[in-house]
Amino acid sequence: MITRKSRDEIKRMRHAGHIVALVHKKMKEVIEPGISTKELDSIAMGIIKENKAIPTFLGYHGFPGCICASINDEIVHGIPSENTILKEGDIIAVDVGATYGGMVGDSAWSYAVGKISDEKALLMKATEESLFAGIEKMRAGNVLDDISGAIEDVAHKYNMGIVRQYGGHGVGRAMHEDPFLFNYRVGDKTQIKSGYVIAIEPMLNLGGDDVKVLDDDWTVVTKDGKPSAHFEHTVLATDGEPILLTTLME
Ligand code: MG
Ligand code: MG
């Protein structure tokens, strides 16, 4: 069942989303060669706690971090570690959730570590563009397939692979609520209503679509070892413009 969020719930989600955006602002500043993903996790934890929120990911199905840190061919669910040190030329996707007043904000962003290759830069550009193409369709009266199709079209325009097994989701009192949102057309004609909130999150690959899960049972990587990028915002549908909940509040 897809729920429409009340004004009060949206207010709390906006606050949660602001905290998530504060984490990303900091990530952009501190991500550079030599920093470990464990240090990134500690920084994120500090910001979330300082703002009286709860790190949504920590302990979720036993996940040991408050961010997912996924480097190069890692797509999602990378576990922060003091042994994982960022190097010049890497790309890293940081995914973070914060719960404030019982409501969740969820956003992921891919970052360049120092100077990256042109093909990695294009992958990041394509994935970010596909996110915003999807967001544009998050309007009352559209259907879920409009969002999925907009993401797919951008992926095809740049000839990028699309991760099929993971996708966007409703978000609110729980991190994962109905509906599941595919990043390619599946013919889902579910109508979007004002008050729906969906975390839209394309994951695109420089190579093929196929993925596998590593022996740690968390980290999802591309099967062909090619890089992957991930961008995500929590988005509210209204009768007018879509509203991003995971940006900084003025
Ligand atoms: Mg996320
Ligand atoms: Mg998500």
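Can you say whether Gly170 is open to solvent by 10 Å² or more (accessible area, probe 1.4 Å) and either of a type in the set (D, E, K, R) or over 19 Å from Val94 (Cβ atoms) (or both), as far as the supplied structure shows?
Numbers: open to solvent by 10 Å² or more (accessible area, probe 1.4 Å): no; either of a type in the set (D, E, K, R) or over 19 Å from Val94 (Cβ atoms) (or both): yes.
For Gly170, the condition - open to solvent by 10 Å² or more (accessible area, probe 1.4 Å) and either of a type in the set (D, E, K, R) or over 19 Å from Val94 (Cβ atoms) (or both) - is not met.
For segment 77-103, which residues satisfy the criterion of being open to solvent by less than 30 Å² (accessible area, probe 1.4 Å), outside any loop (DSSP other than H, G, I, E, B) and either more than 16 Å from ligand 2 (Cβ to nearest atom) or closer than 16 Å to Met27 by Cβ (or both)?
Matches in segment 77-103: Ile91, Ile92, Ala93, Val94, Asp95, Val96, Gly97, Ala98.
For (1) over 23 Å from Lys212 (Cβ atoms); (2) surrounded by 16 or more Cβ atoms within 10 Å (Cβ to Cβ); (3) in contact with a Lys or Arg (Cβ under 7 Å, 6 or more places away or on another chain), each residue gets a yes or a no:
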position: Arg7; (1), (2), (3): yes, no, no
position: Lys28; (1), (2), (3): yes, no, no
position: Pro33; (1), (2), (3): yes, no, yes
position: Thr37; (1), (2), (3): no, yes, no
position: Ile67; (1), (2), (3): no, yes, no
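Restricting segment 113-140 to residues that are free of Cβ contacts under 8 Å to residues at least 60 places away in the same chain and small (Gly, Ala, Ser), which is farthest from ligand 2 (Cβ to nearest atom)?
Here the answer is Ser117.
Across segment 143-167, which residue is most open to solvent (accessible area, probe 1.4 Å) among those that are under 21 Å from Gly240 (Cα atoms) and out of contact with any strand residue (DSSP E or B) (no Cβ under 8 Å at 6 or more places or on another chain)?
Among residues in segment 143-167 that are under 21 Å from Gly240 (Cα atoms) and out of contact with any strand residue (DSSP E or B) (no Cβ under 8 Å at 6 or more places or on another chain), the one most open to solvent (accessible area, probe 1.4 Å) is Asp146.
Looking at Ser130, Ser110 in this structure, which one is surrounded by 18 or more Cβ atoms within 10 Å (Cβ to Cβ), among the small types (Gly, Ala, Ser), in a helix (DSSP H, G or I) and within 16 Å of ligand 1 (Cβ to nearest atom)?
After applying the criteria, what remains is Ser130.
Can Glu88 be described as within 16 Å of ligand 1 (Cβ to nearest atom) and either in contact with a Gly (Cβ under 6 Å, 6 or more places away or on another chain) or under 18 Å from Leu204 (Cα atoms) (or both)? Please lay out each step first, then the result.
Numbers: within 16 Å of ligand 1 (Cβ to nearest atom): no; either in contact with a Gly (Cβ under 6 Å, 6 or more places away or on another chain) or under 18 Å from Leu204 (Cα atoms) (or both): yes.
The answer is no for Glu88.
Answer yes or no as to whether Asn205 is of a type outside the set (A, V, I, L, M, F, W, C), more than 16 Å from ligand 2 (Cβ to nearest atom) and under 16 Å from the mean Cα position of the chain (by Cα).
yes
Among the residues of segment 144-176, count how many are over 18 Å from Arg4 (Cβ atoms), among the aliphatic types (A, V, I, L, M) and not in a loop (DSSP other than H, G, I, E, B).
5
What are the residue pairs meeting all of these: first residue in segment 97-111, first residue more than 17 Å from Met45 (Cα to Cα), second residue near ligand 1 (Cβ under 9 Å from one of its atoms), Cβ atoms under 6 Å, and 6 or more apart or on different chains?
Pairs that qualify, where the first residue is more than 17 Å from Met45 (Cα to Cα) and the partner is near ligand 1 (Cβ under 9 Å from one of its atoms), are Ser110/His230.
Among the residues of segment 211-223, how many are free of Cβ contacts under 8 Å to residues at least 24 places away in the same chain and of a type outside the set (A, V, I, L, M, F, W, C)?
4
The values are calculated or read from the model by the stated rules, or taken from the named source; none is laboratory data. No experiment lies behind these values; they were computed from the predicted model shown. Cβ atoms come from the backbone with ideal geometry, glycine included; neighbour counts cover every protein chain shown. With ligands, DNA and RNA removed, areas are computed over all heavy atoms of the protein, side chains included. Shrake-Rupley method; radii C 1.70, N 1.55, O 1.52, S 1.80 Å.
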